[in-house]
Amino acid sequence: MKRLSLLIAMLLIGTLLMSCSSPGDSNTGPDGTPAPTAQGSSTAGQPEAQGQESPYWKIYDPPITLTQNFEVSEDDVGTVPAGMSFDENFWTEWAYDTYGIKFKSSWISTNAEQGMQRMNLAIINDELPDIIGTDGAMLSNLIDAGKVMPLDVLIDEFGSPLLKYLIQTANAFMDNTFSMPFSKNGSVYGMSYFGDVWSHTWFHNWIRKDILDALGLNMPNTIEEFEAVMEAYKETTPNGLAIRLSAGSQDSVLGMVPVADAYGAYPGKWVDDGSGGLTFGSIQPQMKNVLAKLAEWYQKGWIDPEFVVKDQSIADQRVANGDILMHDLYWWAVWNTIPDTYANIPEADFVAIPSFLQENGERKMVLPAMYNSGTGCWAISADCENPEAIIYMFNIQLDNYYRNDDNMRNLMKELYDYDFMFDPYEKRLPLNADEVDHIRQYIYDYPDDIGGGVLNGFGKVFGFEYRQGPTELYGQFSRMLAVERGELPESAWLLVDDEEKAKMTMPHNRWPALMSSVDMYTKTLENDKVVYDGFVGEPTPSMKENNAYLNKITMETFCRIIMGQDSIDTFDTYVENWLAAGGQKIIDEVNEWYRSIQ
């Protein structure tokens, strides 16, 4: 029997691209768009057994060595099982014995500063590893210095249909922001770690349905309808507030999204300027309407008069106390903020509602980008003698990782006549599931003869067997919602689903709130416009020089207007000052970057 720690597995090259759940419709991507086309997908004569050569993997004889660097925490280093190391473990032994590829670490750093020093030294000495673990900002320098290869070229030539499908699906689902931070001059040079898109980016308005029910009012669809609800609420609850604002210890006013979305304003986000470029949302004319409305609400007592000195954690106390009619927050509010309210107000009932309709009858949200210049990624050295071997290992490990996913196997066969190289096997839950809180620390026992390096990590996260794919968490919750609605049979439930639901209903029933969030996400994707923050590059020179001051005048201006200390026309002067104090240079630099990735 083999005992494997997922710490080793998650740090090796074979796992960096892993994790993307299969879409619900076998002919579409997870966002409902047609499945992307994989090039070079013919699999005539593809071997069924591991170790045989094909267009998507090979055996190296004589063996080759691939070097790589790691950046991990001291705690993670301490969890490496006795007798194993980053270079010598079950997975590296399997890769060497089966495919003739030996992995060797160039260095292991335990913090960002140490990693940066080692990286700079490697650049100076021309000793970069074959597989470079870095981030978007450093990658940009490596691209300019000619130190890395374009990955898209390598993947196009050597990547399997499964690898291409997953990358294209991730980009389609995330408005291309999966590749943008790692691109330049039309080529992609880096690839980030997959993570759950819904978990990292989805936020919406949470409203107190119990208050609406007590008032006999329907869910508001417009800012005007919300104001009518607030008027009625204020009559019954003098201390009640419309939304939760927070400006303390921040460089922006948080909590204004519900109002801003209603006016098509997106403060703090980089948005389409209408001519193919980007502009900064905080200085757009629509923001003037937002600030005027917030100033009106402030005068009516609908906003906490002390919002300017309260950070978000303190401001959230008003939510917990039951004083806030609506607030914007991520979906995982069901795990923190909402339980506090339910504990204090047992009859409270939060549900998710969409952004308010704009004057043109449309809804639009700008979500925070999941990937940016600070996101970790991997690249391939321009001096790597066998770059195709790295892509081959991705192909191999992705086949291994999804070998138990019947939907993905069927999808690949149907779309590309692509057969997985590894057979399904009986998956096992971790031996130490009750001892750790992170999936990469799980330990498993598997037979020696199942192949694939025994890499699969089936662990419980959010109560699910969860691999942290771009759509997996949302897919799990969607299935649960469909069962409750009778759209899927009861047999679609898993034991872990029941366990998770039990946790979500005790001591307070948060389940309806969570399901409303899942439902809202589905409807928003189907019916409304969702885009992502357009700038995901490294801070520009003018940002580094001027952002502190620009954030200061933005905060001061917004707060003074909201509190009625300055007239709304002060906004026009603020925009002029913002542009003159380096803002225009920032806009120019952002658009120079934007053009460079096209």
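Just so it is clear, none of the values below were taken in a lab; they were calculated from the coordinates. Predicted, not measured: the structure shown is a model, and the values here were computed from it. Quick reminder, even Gly has a Cβ in these numbers, built from the backbone with ideal geometry, and neighbours come from all protein chains shown.
Dipole of the stretch 472-529 computed with +1 at Lys/Arg Cβ and -1 at Asp/Glu Cβ about the Cα centre; of PRO512, LEU488, PHE477, farthest Cα towards the positive end is PRO512.
Taking 19 Å as the cut-off, the amide N atoms of the stretch 522-546 that come nearer than this to a point 7 Å along the Cα-to-beta-carbon line of ASN141 belong to 537-545. Across the chain, C-alpha contacts under 8 Å between residues 6 or more apart give a mean separation that, scaled by the residue count, equals a relative contact order of 25 percent.
On full extension, the segment bounded by GLU306 and GLN250 gains 18.7 nm, given 0.36 nm per residue less the C-alpha separation.
Between 0 and 90 degrees, rounded to the nearest ten: what's the tilt of helix 406-416 against the longest Cα principal axis of the chain? Long axis of 406-416 versus the principal axis of the chain: about 80 degrees.
Charged side chains reduced to their Cβ positions (Lys and Arg at +1, Asp and Glu at -1) give the stretch 472-529 a dipole of some 200 debye around its Cα centre. For LYS104, the residues whose modelled amide H falls within less than 5 Å of its own, excluding neighbours fewer than 5 places apart on the same chain, are LEU66, THR67, GLN68. Simple spin-label estimate for GLU347 and ASN239 gives 1.6 nm between the two label positions (7 Å along the Cα-to-Cβ direction from each Cα).
At a 10 angstrom cut-off on C-beta neighbours, averaged per residue, how do the peptides 123-136, 367-380, 541-554 rank from highest to lowest?
On the way: 123-136: 18.9, 367-380: 20.8, 541-554: 15.6.
Packing order, densest peptide first, comes out as 367-380, 123-136, 541-554.
Taken as Cα centroids, the stretch 138-174 and the stretch 360-401 sit 6 Å apart, rounded to the nearest whole angstrom. Model label points for GLN286 and GLU576, set 7 angstrom from Cα along the Cα-to-Cβ axis, are 2.5 nm apart. The length gained on full extension between LEU525 and ASP87, counted as 0.36 nm times the residue separation minus their Cα-Cα distance, comes to 153.3 nm.
Close amide H pairs (under 5 Å, H built 1.01 Å from N) link LEU329 with HIS204, TRP206, residues at least 5 positions away or on another chain. Pull out a ≥ b ≥ c, the square roots of the eigenvalues of the alpha-carbon gyration tensor of the stretch 472-529, then state rounded if a/c is under 1.5, prolate if not and a/b is larger than b/c, and oblate in the remaining case. It comes out oblate by the Cα gyration axes. Normalising by residue count, the stretch 305-459 has a Cα convex hull of 294 Å³ per residue. Working from label points 7 Å from Cα in the Cα-to-Cβ sense, the ASP449 to TRP493 distance is 3.8 nm.
In terms of its alpha-carbon gyration tensor, the stretch 50-153 comes out oblate; a/c meets the 1.5 threshold, while b/c is at least as large as a/b. Rounded to 0.05, the FRET efficiency of the THR98 and GLU74 pair, given R0 = 35 Å and the Cβ-Cβ distance, is 0.60.
The long axis of helix 387-401 is offset from the longest Cα principal axis of the chain by roughly 70 degrees.
When the Cα positions of ASN120, VAL148, LEU525 are compared along the charge dipole of the chain, LEU525 comes out farthest toward the positive end, with charges on each C-beta of Lys, Arg, Asp and Glu. The dipole here belongs to the chain: it is taken about the Cα centre, uses +1 on the Cβ of Lys and Arg and -1 on the Cβ of Asp and Glu, and is about 560 debye.
Multiply the residue separation of MET116 and GLU231 by 0.36 nm, subtract the distance between their alpha-carbon atoms, and state the gained length in nm to one decimal.
Full extension of this stretch gives 35.9 nm more.
Between the stretch 483-524 and the stretch 258-321, the alpha-carbon centres lie 32 Å apart.
The candidate values are (i) 1.02; (ii) 0.99; (iii) 0.94; the one derived from this structure for Rg/Rh (Cα atoms, Kirkwood Rh) carries the label (ii).
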